[in-house]
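Read the structure below first, then the notes.
The values are calculated or read from the model by the stated rules, or taken from the named source; none is laboratory data. As the structure is a computational prediction, the values presented were derived from the model and not from experiment. Virtual Cβ from ideal backbone geometry, glycine too; neighbours counted across all protein chains shown. The accessibility values were calculated without ligands, DNA or RNA, using every heavy atom of the protein model including side chains. Shrake-Rupley method; radii C 1.70, N 1.55, O 1.52, S 1.80 Å.
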Amino acid sequence: INVEELWESAKSGGWRPSSAPRSDWPPPPKETNGYLRVRCNGGLNQQRSAICNAVLAARIMNATLVLPELDANSFWHDDSGFQGIYDVEHFIQTLKYDVRIVESIPEIHKNGKTKKIKAHQIRPPRDAPISWYTTVALKKMKEHGAIYLTPFSHRLAEEIDNAEYQRLRCRVNYHALRFKPNIMRLSESIVDKLRSRGHFMSIHLRFEMDMLAFAGCFDIFSPEEQSILKKYRKDNFADKRLVYNERRAIGKCPLTPEEVGLVLRAVGFDNSTRIYLAAGELFGGERFMKPFRDLFPRLENHSSVDSSEELVANTRGLLGSAVDYMVCLLSDIFMPTYDGPSNFANNLLGHRLYYGFRTTIRPDRKGLAPIFIDRENGQTAGFEQAVRRVMLKTNFGGPHNRVPPESFYTNSWPECFCQMSPSNPADKCPPDNVLEILESQLENEVNRDLEALMETNSTRRTEI
């Protein structure tokens, strides 16, 4: 493993990101089947994938999408909403070729009366197929004029055998969902300050109470800490028998801060490496951080780089998570310590792939577990070589096949990528003027609507 090469983007193999349509993609018709409301639950990145699914569901049903609602959940205590985090005008404009989007369901004026459409509430099945939206959901939408899908996380199957639908998800995720200008300014300011001193790596250290409780990784903590984790698990997750040694052996426990440091040292990074930490409050505190800090003393987070009042007041809210997201996206290297479905790392890995195959270091927790267990039992000989052997088998951010359980949001290759000189015609890049083509289609649709309206008015005048 050549550390110097890791600071550069991974080899692309001639691929480049492209989520523009490559086949006939008609604009959304003026007349839709009704309004679609959704409530996106979970953290920032779970909400992000839910928004992508909402746009796709609206396209599938020929529905008008109402600006998605973001759950002000008990963990974030944040009611910023979509308008508080994302650039609404950019979102609507970017997707104008795909779906009609409104900020709220408009009132209907009929016979001198004003009527408000009430959305019919439905709980969608998890990972619902497209057929559920074109039958059950669409039927209710036509009956009531609007439907409200809640909760809306993982409510549309990820693997869909329609490349254009998958590309729409990428257009939402990587083009339409842009944070508000103040968040972008804060993030770019932090990145500029970090980069002014050379390369930097970002690490999402998922050694937090909710993840440790979910994973059932209790035994390394004190009795008092274990009781806190067990109570959190009982209050928030389904009852399940979890044995720490078994969980750890199959890679289900987040890496400890020290284990993260040991992996990086084995790969070849020294103590001059500058690291930006994206993390909530670490469980167990300084006792677990000290071994990591001893290995890599040049640690930063958004508060240490930028102590502006706006960030300090929102460190645990969606704003702090959005800034961390952008800094990790723009960092030279990104390393997640736990990349489960729809979490922070899951989405970032996919975004960095799309952003030009930017280097990622993804520890194989299952492969590393026996090596760490042997080290704890006193078998230290050959430790670093063993870690390197495992890490050499991992992907560092280049194009690679998506193999379950890897998520589409983690790896949208090849659907959202193309080649200028492909061996497979399906991989050919769309024409450079694809936006002009879509704009022309949209204009033609508008002109047809105007002509139809004029013809209707003319007929009425004749009848009068």
Tell me which residues come under 5 Å, amide H to amide H, from residue 338 once H is placed; ignore anything under 5 positions away on its chain. 206
Sparse-neighbourhood loop sites, chymotrypsin sites (Phe, Trp or Tyr not before Pro) in the stretch 223-267 - DSSP loop, at most 14 other Cβ within 10 angstrom: 237
Would you mind getting me the FRET efficiency between residue 246 and residue 116? Use the beta-carbon distance for r and R0 = 45 Å, nearest 0.05. 0.25
Hand me the trypsin sites (Lys or Arg not before Pro) from the stretch 181-279 located in a DSSP loop with no more than 13 other Cβ atoms within 10 Å, in residue order please. 197, 240, 241
Which ³J(HN,Hα) values, rounded to whole Hz and listed in residue order, are derived for the stretch 394-411 from phi using the Karplus coefficients 6.51, -1.76 and 1.60 in 6.51 cos²θ - 1.76 cosθ + 1.60 with θ = phi - 60°, glycine and proline given as x? 8, 9, 9, x, x, x, 7, 5, 7, 10, x, x, 4, 7, 4, 6, 8, 8
Just checking the chain: which Cys have no other cysteine's beta-carbon under 4.7 Å? 40, 52, 328
Working with all protein chains in place, sort 402, 123 by solvent-accessible area computed with a 1.4 Å probe, largest first. 123, 402
Could you give me the ³J(HN,Hα) list for the stretch 375-387, computed from phi with Karplus coefficients 6.51, -1.76, 1.60 and θ = phi - 60°, whole Hz, x at Gly and Pro? 4, 5, 8, x, 8, 9, 5, x, 4, 5, 4, 5, 4
Per residue, how much accessible area does the chain have with a 1.4 Å probe, in Å²? 48
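Between exposed GluC sites (Glu not before Pro) in the chain, where DSSP calls loop and at most 11 other Cβ atoms lie within 10 Å, what's the longest gap?
The longest uninterrupted stretch comes out as 282-464.
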Show which lysines lie in cross-link reach of residue 193 when reach means a straight Cα distance below 24 angstrom and same-chain residues fewer than eight apart are skipped. 180
Phi-derived 3J(HN,Hα) across the stretch 196-208 with the Karplus relation (6.51, -1.76, 1.60, θ = phi - 60°), rounded Hz, x for Gly and Pro, is 5, 10, x, 5, 8, 10, 10, 10, 8, 8, 8, 9, 10
What is the distance in Å between the Cα centroid of the stretch 418-432 and that of the stretch 331-408? 30
If you average the alpha carbon positions of the stretch 140-190 and of the stretch 23-39, how far apart do those two centres end up, in angstrom? 14
Counting only protein heavy atoms, what percent of the accessible surface of the stretch 181-417 is carbon or sulfur at a 1.4 Å probe? 51
So the angle from the long Cα axis of helix 434-463 to the longest Cα principal axis of the chain, reported in degrees to the nearest 10, equals 30
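Magnitude of the Cβ-charge dipole of the chain, K/R +1 and D/E -1, about the Cα centre, nearest 20 debye?
Details: 61 positive and 59 negative charges, 212 e Å.
Roughly 1020 debye, rounded to the nearest 20.
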